[in-house]
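Visitor: Take a look at the following structure, please.
The values are calculated or read from the model by the stated rules, or taken from the named source; none is laboratory data. Since the structure is predicted, the reported quantities are computational estimates derived from the model, not experimental observations. So basically every Cβ, Gly included, is an ideal-geometry build from the backbone, and we count neighbours across all protein chains shown. Keep in mind that these areas ignore ligands, DNA and RNA; they rest on the heavy atoms of the full protein, side chains included. Shrake-Rupley method; radii C 1.70, N 1.55, O 1.52, S 1.80 Å.
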Amino acid sequence: MITVTDLSYSYGPLKALDGVSFSLPKGKVVGLLGPNGSGKSTLCLCLAGILDKKGSAGEIKISSQDMGSFAPEELALQMAVVFQDNVFSFDFTAYEIVLMGRSPYLRPLQPEGPEDHQIAEKAMRDCDCFELKDRPIRSLSGGERQRVVLARALAQATPVLLLDEPTNHLDLKHQKQILSLVRELAANKGVLSVVVLHDLNLAGQFCDRLLLLDQGRLVKQGTPEEVLTPETLNPVYQINVHKIYHPVTGSPQIII
């Protein structure tokens, strides 16, 4: 679904990514891990096709097609993106924000149809934010706003989801709800989700595969069992950690 080959990116003299390569199949939840400044957000921006190509080298393909060959409207049909910081210049209602996820399917100035409204409403209910539909987006708390933006991504109905810290601002209930939903989309609809996470235990519990970045380089990739080990994590995070197993799911968990 996504293939990255020898990807590098520089902000002037600063090299944020250095020779990163991986392949990700459809129907998987892939966690992107690493300490602050490791290159996670830069990699997300590259995958989203947002950064200036002058600073980049290497290749990104989606469904065997070079990302640079996609027109913006074509890319919007392939990938929905949720960034960790969302700024809104106008006070649209939460429902209007979610309905914007349907715009790639509409001609210019074409109004949304009944199916678009049905998809938007379901996305809001799945993200537990339908009761917020008439609220101005700038009146919402950080967690409420995050759920609305996630609903917009779901309404876009793409085969790839790119989520940069989607659990940021969310309480425990909604962290589990959103990541469980991402897993259901992978299992039932074959959606590939690339999820940036700082919580290694959520990564161990909900992800099929993990990519661990450090100083712009991909230092380890594999299953949570393979990546979440003291031998791998200690030098990257510069702290001694211990590995245990979740008493219910059996997934690897990290304690300090």
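Visitor: For Lys40, which aspartates and glutamates qualify as cross-link partners when the Cα separation must be under 16 Å and same-chain residues fewer than eight apart are set aside?
Guide: Counting by Cα, and skipping residues close in sequence, Lys40 has these aspartates and glutamates nearby: Asp6, Asp18, Asp85, Asp164, Glu165, Asp199, Asp214.
Visitor: Same structure again: Explain nothing, just the number: dipole magnitude of the chain about its Cα centre with +1 on each Lys and Arg Cβ and -1 on each Asp and Glu Cβ, in debye rounded to the nearest 20.
Guide: Taking the Cα centre of the chain as origin, the dipole is about 200 debye.
Visitor: When a/c is below 1.5 the answer is rounded, else prolate if a/b is larger than b/c, else oblate, so apply that to the chain with a ≥ b ≥ c taken from the square roots of the Cα gyration tensor eigenvalues.
Guide: Judged from the Cα gyration tensor, the chain comes out oblate (a/c at least 1.5, b/c at or above a/b).
Visitor: Heavy-atom accessible area per residue, the chain, 1.4 Å probe: how many Å²?
Guide: 49 Å²
Visitor: Rank Ala48, Met79, Phe22 by how far each Cα sits towards the positive end of the charge dipole of the range 19-114 (+1 on Lys, Arg Cβ; -1 on Asp, Glu Cβ) and give me just the farthest.
Guide: Value: Phe22.
Visitor: For the pairs Lys53/Lys176; Lys28/Lys220; Lys53/Lys220; Lys61/Lys220, flag any whose C-alpha to C-alpha distance is greater than 28 Å.
Guide: Beyond 28 Å: Lys53/Lys176.
Visitor: How much net charge surrounds Phe83 when only other residues with a Cβ under 11 Å from its Cβ are counted (Lys, Arg +1; Asp, Glu -1)?
Guide: -3
Visitor: Starting from the amide H of Gln84, placed 1.01 Å from N in the peptide plane, find each other amide H under 5 Å away whose residue is 5 or more places distant or on another chain.
Guide: Here Asp164 satisfy the definition.
Visitor: A follow-up question, please. Per residue of the range 209-222, what does 6.51 cos²θ - 1.76 cosθ + 1.60 with θ = phi - 60° give for ³J(HN,Hα)? Whole Hz please, x for Gly and Pro, Karplus curve as stated.
Guide: Karplus-based 3J(HN,Hα) across the range 209-222 equals 9, 10, 10, 10, 9, 8, 6, x, 10, 7, 8, 7, 9, x Hz.
Visitor: For the chain, what % of the accessible area comes from carbon and sulfur atoms, probe 1.4 Å?
Guide: Carbon and sulfur together cover 52 percent of it.
Visitor: Hey, another quick one. Each residue of the range 76-88 in turn: what ³J(HN,Hα) in whole Hz from Karplus with 6.51, -1.76, 1.60 and θ = phi - 60°, glycine and Pro shown as x?
Guide: 5, 8, 9, 9, 10, 10, 10, 8, 6, 10, 10, 10, 10
Visitor: With charges only on Cβ, +1 for K and R and -1 for D and E, what is the dipole size of the range 8-146 about its Cα centre, in debye, rounded to 20?
Guide: So the dipole magnitude of the range 8-146 works out to roughly 440 debye.
Visitor: Then there is this: Please give the charge dipole size of the range 1-87, origin at the Cα centre, charges +1 on K and R Cβ atoms and -1 on D and E Cβ atoms. Round to the nearest 20 debye.
Guide: Approximately 200 debye in magnitude.
Visitor: Once amide H atoms are built 1.01 Å from N in the peptide plane, which residues 5 or more positions from Ile2, or in another chain, come under 5 Å H to H?
Guide: Leu24, Ser63
Visitor: Work out from phi, with θ = phi - 60° and the Karplus expression 6.51 cos²θ - 1.76 cosθ + 1.60, the ³J(HN,Hα) of each residue of the range 118-129, listed in order in whole Hz, and give x for Gly and Pro.
Guide: In residue order, the calculated couplings are 5, 5, 5, 5, 4, 4, 5, 5, 5, 9, 6, 9 Hz.
Visitor: What residues qualify as long-range amide H neighbours of Val191, i.e. H under 5 Å apart, gap of 5 or more or another chain, H built at 1.01 Å from N?
Guide: Gly27, Ala186
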